[in-house]
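Participant: Could you have a look at this structure, given as structure tokens, before my questions?
The values are calculated or read from the model by the stated rules, or taken from the named source; none is laboratory data. Remember, predicted model here, so these are calculated numbers, not experimental data. Every residue, glycine among them, receives a Cβ derived from its backbone with ideal geometry; neighbour counts consider all protein chains shown.
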Amino acid sequence: MKLGSENHKELFCHSFIESHIKFEPEELPWPTVDSVTLDRLRGIPFWKEALITEQRAGAMVRAFADTISDPLLQEAIALQAMEENRHFRLIKFLLNHYDIEISPLAEPVLPSNIKTAFLDFGFGECLDSFLAFGLFGIARQAGYMPEPLFEIFDPILNEEARHIMFFVNWATYSQINEGKSRWMRGVDALWYYGRAFQEKIQAFNGSNEDKQVGFTATGASNFMDNLTPELFLSTCLEENAKRMSAFDTQLLQPQLLPTLAKLSLGIIKSIPRRQSNPTAQFSEQ
């Protein structure tokens with residue numbers, strides 16, 4: 001299959017549209033939780049940031065869909081907007097259901113350049129999703145929440161995988177049809193990834209406008225004691241591979257963070273581990 005072709009567009013659009021799952025947040029089997037789980041839910045630091053992100057995403061992606069003239073692309077992007085809004089409604093329902101208080105949200109303001117905003121969001125979502133896959137896997141392995149809650153959120157993570165699969169294929173398709181060479185597409189991707197990394201660093205430092213802690217950057221330590229970089233990176237890679245394996249192998253997938261994670265993991269594993277030497281220990285006589 002030739003990237004940028006009509007066949008390419010039909011494959012990534014139909015793969016996205018046909019894998020959509022219908023459900024309503026309030027109809028999901030939300031479990032009754034004990035006081036320990038409730039305290040853990042209320043102690044998670046990123047609820048407001050997640051709610052703001054999904055609220056803004058739903059409005060922005062819907063506005064971008066309205067600018068698309070191609071009927072198939074418009075249908076797929078409008079579907080993503082619906083799913084982003086559903087993520088917002090799901091988190092909002094969870095907060096209400098478990099009586100988790102956050103400060104009121106401001107109404108989302110649409111950016112002036114909606115296409116640039118969609119690109120920024122898409123590349124940022126490629127970074128966030130890779131880390132979120134690992135975060136989810138670590139929390140599940142640690143049994144941080146009852147399994148029924150993980151079962152509710154598992155399809156949401158699959159939707160995030162669908163979003164980034166669709167995005168990287170849409171971005172490549174669009175750039176090719178704009179006449180951009182492979183070299184220029186690579187430069188564009190690095191530019192947007194750089195902007196996304198900068199935003200994550202600001203979130204990590206608490207310097208974004210909502211003063212929230214970047215949830216995928218710092219959240220893993222909430223779920224497991226003595227979490228090592230090796231375990232976190234390996235879990236991210238395993239979870240990412242599992243979720244992305246659902247898609248046609250002809251389709252593109254985000255590669256930057258998995259590649260960096262594999263390189264980092266290789267470096268970590270190559271560093272000799274310090275071990276205590278029992279022969280060097282002497283008892284005083």
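Participant: Only one of these is at pLDDT 95 or above, more than 16 Å from the chain's Cα centre (by Cα) and not polar (S, T, N, Q): E147, E178, E159. Name it.
Facilitator: So the residue among E147, E178, E159 that is at pLDDT 95 or above, more than 16 Å from the chain's Cα centre (by Cα) and not polar (S, T, N, Q) is E147.
Participant: If you don't mind, there's one more thing I want to ask. Suppose we filter the stretch 63-72 for residues that are within 22 Å of the chain's Cα centre (by Cα) and surrounded by fewer than 20 Cβ atoms within 10 Å (Cβ to Cβ); how many remain?
Facilitator: Of the residues in that region, 1 qualify.
Participant: Does F223 satisfy the criteria of being more than 20 Å from F123 (Cβ to Cβ), surrounded by 20 or more Cβ atoms within 10 Å (Cβ to Cβ) and either modelled with pLDDT under 65 or more than 18 Å from the chain's Cα centre (by Cα) (or both)?
Facilitator: Yes, satisfied.
Participant: Exactly one condition in (1) touching a Pro at 6+ places or on another chain (Cβ under 8 Å); (2) farther than 18 Å from L237 by Cα; (3) not aromatic (F, W, Y) is false for I164; which is it?
Facilitator: With respect to (1) touching a Pro at 6+ places or on another chain (Cβ under 8 Å); (2) farther than 18 Å from L237 by Cα; (3) not aromatic (F, W, Y), I164 is out only on (2).
Participant: Another one. Mind checking whether some residue in the stretch 272-279 is surrounded by fewer than 14 Cβ atoms within 10 Å (Cβ to Cβ) and modelled with pLDDT of 90 or more?
Facilitator: No - not one qualifying residue is present in the stretch 272-279.
Participant: Can F121 be described as in a helix (DSSP H, G or I) and either crowded, with 20+ Cβ neighbours inside 10 Å or within 17 Å of the chain's Cα centre (by Cα) (or both)?
Facilitator: Yes.
Participant: Answer with yes or no whether T116 is part of a helix (DSSP H, G or I), over 20 Å from P31 (Cβ atoms), of a type in the set (S, T, Y) and in contact with a helix residue (DSSP H, G or I) (Cβ under 7 Å, 6 or more places away or on another chain).
Facilitator: no
Participant: Would you mind finding the one in S35, S5 that is surrounded by fewer than 17 Cβ atoms within 10 Å (Cβ to Cβ), within 29 Å of N169 (Cβ to Cβ) and among the hydroxyl-bearing types (S, T, Y)?
Facilitator: Of S35, S5, the one residue that is surrounded by fewer than 17 Cβ atoms within 10 Å (Cβ to Cβ), within 29 Å of N169 (Cβ to Cβ) and among the hydroxyl-bearing types (S, T, Y) is S5.
Participant: Can I ask one more? Kindly indicate the residue of the stretch 162-185 that is in contact (Cβ under 8 Å) with a residue 12 or more places away in the chain and hydrophobic (A, V, I, L, M, F, W, C) and also farthest from H14 (Cα to Cα) among those meeting that condition.
Facilitator: The extreme case among them is I176.
Participant: Kindly indicate which of E84, E75 is in a helix (DSSP H, G or I) and under 28 Å from A106 (Cβ atoms).
Facilitator: So the residue among E84, E75 that is in a helix (DSSP H, G or I) and under 28 Å from A106 (Cβ atoms) is E84.
Participant: Let me ask something else about it. Inside the stretch 227-260, can you point out the residues that are out of contact with any Gly (no Cβ under 9 Å at 6 or more places or on another chain), among the small types (G, A, S) and not in a loop (DSSP other than H, G, I, E, B)?
Facilitator: If the condition is that a residue be out of contact with any Gly (no Cβ under 9 Å at 6 or more places or on another chain), among the small types (G, A, S) and not in a loop (DSSP other than H, G, I, E, B), then A241 is the only one that fits.
Participant: To continue, here is another question. The conditions are (1) modelled with pLDDT under 90; (2) surrounded by fewer than 16 Cβ atoms within 10 Å (Cβ to Cβ); (3) within 25 Å of E83 (Cα to Cα), and D154 fails exactly one of them. Which is it?
Facilitator: Condition not satisfied by D154: (1).
Participant: Right, another one. Can you name every residue in the stretch 16-41 that is of a type in the set (S, T, N, Q), in contact (Cβ under 8 Å) with a residue 60 or more places away in the chain and out of contact with any Lys or Arg (no Cβ under 8 Å at 6 or more places or on another chain)?
Facilitator: Passing the criteria: only T37.
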